[in-house]
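S.K.: Quick one: the structure is below, questions incoming.
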Amino acid sequence: MGLGIPSFSDVKRKVTSTVNEVKDTVVDKAQDVKKAVVDTTKDVFEDVKHNPVTDTLKKAVTDPGDLARDALQGGLRVAYHGATSLLPDGAANKLVKAAEVGVDALAKTSELIAGKDSSLTQGLKTLGKVDLEGITRTTDPQTGQKLKGDWPKLWGTWLLEEKPKDLGTWDKTSDGTDRVTVSNNAYTDDLAGRPHQQQVTEEFFKMYPNPKPGDTFPPKGASKEVTDKALYVFAGPDTAENSKNKHTSLEWFIGSYRTEVKCTGIDEKTGKPNLSYEVVNNSHFESGTRVPATFQDKGLPPSLVDDRKREQGVGIGGDWIQRYTWTNNGVDNPNK
């Protein structure tokens, strides 16, 4: 069966349906508030004060920029999620593969028109070698690990500046950046199963053959040589189609990251250490739009778009931090 791409009428019907549902919800809420106005209790007045119609009117009067941003974000969410729900299972994988084929075709066309040595042709050839299918790859071709978390979905969480409750607990850092401590085991189990975590565990035991509670790798104030041993590098060569160490959708979303390992206690039954692991990742525009070194050499800036906080500007792609934590109890020393 071929890939069924939704027609314009399908998308329009889905978006119209979603918009109507939102509109009906607002109208129903407003009618409920209107019926309750005759009651003079504090709760009802609070309901009237914070109903969607009143809140929207307040934004229109006091901060039209907020209203415009909400309208843009709302429209993007409807279009993004509406279009996604219309795509058949597996469509994203096929569309990414089609993109790879398309870039290859553009490179060949550019070679005919501009010449094989032109900067445009060389740039397209470089892009054509990128393993774009990795963005949606859910099985590690080397280890066979099957990812449980919906990592491609997190691109939408970043772009649309959403705060899904099922992802974890949300708060803000001291500088006002949104942060989520991920409690969804699908994501933390995926990270715990990556080969990098085994390597960091080995480094922890090399430094602490007989760990005590509080021992941490890498320790504070450690040299770059030591801290780099806790670093997973999203290596450029591994993003190539012919790479032997292909990235999965997890690496394509997180990129390079460090893992901190800490001994939290000793297991009473086995006498072996209990270890906690933490990975902190910052998703932001400068990382997502970083320009390859070959293009920087031609005069382009390091990134195409500057970082920004959430709810600023048009309200798209604001900085947000993910904190992934998990524990392993009674861990064996892999170096013995």
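The values are calculated or read from the model by the stated rules, or taken from the named source; none is laboratory data. Since the model is a prediction, treat every value here as computed from it, not as a measurement. Here the Cβ positions follow ideal geometry from the backbone for every residue, glycine too, while neighbour counts run over all protein chains shown. Ligands, DNA and RNA are stripped out before the accessible areas are found, and what is left, the full protein with its side chains, is counted by its heavy atoms. Shrake-Rupley method; radii C 1.70, N 1.55, O 1.52, S 1.80 Å.
S.K.: Of the numbered conditions (1) in a loop (DSSP other than H, G, I, E, B); (2) modelled with pLDDT of 70 or more, L300 fails exactly one; give the number of that condition.
M.R.: (2)
Conditions (1) surrounded by 15 or more Cβ atoms within 10 Å (Cβ to Cβ); (2) of a type in the set (A, V, I, L, M), marked per residue:
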{"site": "L191", "(1), (2)": "yes, yes"}
{"site": "F204", "(1), (2)": "yes, no"}
{"site": "D238", "(1), (2)": "yes, no"}
{"site": "T270", "(1), (2)": "no, no"}
{"site": "L275", "(1), (2)": "yes, yes"}
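S.K.: Still on this structure, I have one more. In segment 142-153, which residue that is surrounded by 13 or more Cβ atoms within 10 Å (Cβ to Cβ) and at pLDDT 90 or above is farthest from G317 (Cα to Cα)?
M.R.: Q145
S.K.: Here's something else I'd like to know. Restricting to segment 168-183, count the residues that are within 14 Å of the chain's Cα centre (by Cα) and not charged (D, E, K, R).
M.R.: The total comes to 4.
S.K.: Select from segment 171-180 the residues that are open to solvent by 40 Å² or more (accessible area, probe 1.4 Å) and either in contact (Cβ under 8 Å) with a residue 24 or more places away in the chain or touching a Phe, Trp or Tyr at 6+ places or on another chain (Cβ under 9 Å) (or both) and list them in ascending order.
M.R.: R179 - this is the single residue of segment 171-180 that is open to solvent by 40 Å² or more (accessible area, probe 1.4 Å) and either in contact (Cβ under 8 Å) with a residue 24 or more places away in the chain or touching a Phe, Trp or Tyr at 6+ places or on another chain (Cβ under 9 Å) (or both).
S.K.: Here's a follow-up. Quick one: which of S223, S283 is at pLDDT 70 or above, of a type in the set (S, T, N, Q) and within 23 Å of the chain's Cα centre (by Cα)?
M.R.: S283
S.K.: Go through S243, S223, S249, S256 for me and flag whichever is among the polar types (S, T, N, Q) and without any contact (Cβ under 8 Å) to a residue 24 or more places away in the chain.
M.R.: S223
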